Amino acid sequence: MAKILLVEDDAIQIELIKKHLEPQGHVVVNAKNGQEGIRLARDGKPDLILMDMIMPGMHGLEATIKLKEDPATMDIPIMALTIMSSPKFVQECYRAGIIGYIKKPYDPKVLLESLEKIVGKPEKRVSRIMMVAGASRLATMVEMKLVRQGYQVDTFAGAKSALGSLGEDRPDAIFLDFSLPEKHVAMIFEDLGKSAVTKDIPVILFSPQAGKEALESAVTRWGAKNYIASASDLGDILRKLKEEAAK
């Protein structure tokens, strides 16, 4: 799994690139201008930077030069991704230190192949998600979305059966329906906290009945990692989990 820093201000381009790269196992972190890109490169040490060249404030070429002058970031490979294609401009980019150049609009296959020549292909691994939930439309939709994205989902109706399976294979995350009886919710958090092996498993709360305020309150009360209010929130949550795992 490679951590890619995408320095790009266009929201449509950001979503397209994430759509092409994340299903392949790469983690994409976004900076919306050159200054933010430099900061995230220093703090996050990505495996590769995809740099748009035309942005408000500090443009991509200037950001590239600064990154290559800084000992903390000079070894991070930078690939230009831009509509600019004049030979003179391309030469300037290479002189600044980029190692690859992809012109917009780009072929997604070419983008992926160019990127993986540098960072390699991610190891194919199906992440395991444990879901502890009662029967509800929301639980079914979340499970279907997870399976569709390649996750192995093990679903349990209560805390006892879920916790009994932890010794077999540690899940990468637990999706917990906190509208279950409180004793089930409490049992999950208490048992996870008893072991060094399980205490860091992120728990994502959801509920078919609760609103956002109730979910936020439950996250604080139980010490959960996050929550989803609807199935449409799932993409952002999975992205954050991948980013955390890549740190």
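The values are calculated or read from the model by the stated rules, or taken from the named source; none is laboratory data. This structure is a prediction, so every number in the text was calculated from the model and none was measured. Cβ coordinates were reconstructed from backbone atoms using ideal geometry, including for glycine residues, and neighbour counts include every protein chain displayed.
Observations on the structure shown:
- Consider segment 169-208 and keep the residues that are of a type in the set (S, T, Y) and touching a residue at least 12 places away in the same chain (Cβ under 8 Å). The one that is farthest from S136 (Cα to Cα) is T198.
- Complete set of residues in segment 202-247 that are out of contact with any strand residue (DSSP E or B) (no Cβ under 6 Å at 6 or more places or on another chain) and β-branched (V, I, T): T220
- Across segment 108-137, the qualifying residues are those that are farther than 20 Å from A2 by Cα and loosely packed, with under 12 Cβ neighbours inside 10 Å, and the one among them that is nearest to the chain's Cα centre (by Cα) is R137.
- Out of A96, A80, sole residue that is touching a Leu at 6+ places or on another chain (Cβ under 9 Å), in the same structural domain as I17 (by TED's automatic domain parsing), buried (at least 18 other Cβ atoms within 10 Å of the Cβ) and more than 22 Å from H26 (Cβ to Cβ): A96
- Considering segment 54-67, the residues that are surrounded by fewer than 24 Cβ atoms within 10 Å (Cβ to Cβ) and among the aliphatic types (A, V, I, L, M) include one that is farthest from I102 (Cα to Cα), namely M58.
- Taken over segment 30-53, the residue count meeting the criterion of being in contact (Cβ under 8 Å) with a residue 60 or more places away in the chain and surrounded by 18 or more Cβ atoms within 10 Å (Cβ to Cβ) is 3.
- Residues satisfying the criterion are present in segment 118-136 (criterion: over 30 Å from H184 (Cα atoms), in a helix (DSSP H, G or I) and touching a residue at least 60 places away in the same chain (Cβ under 8 Å)).
- Any chance K145 is basic (K, R) and either closer than 24 Å to E22 by Cβ or at pLDDT 90 or above (or both): yes
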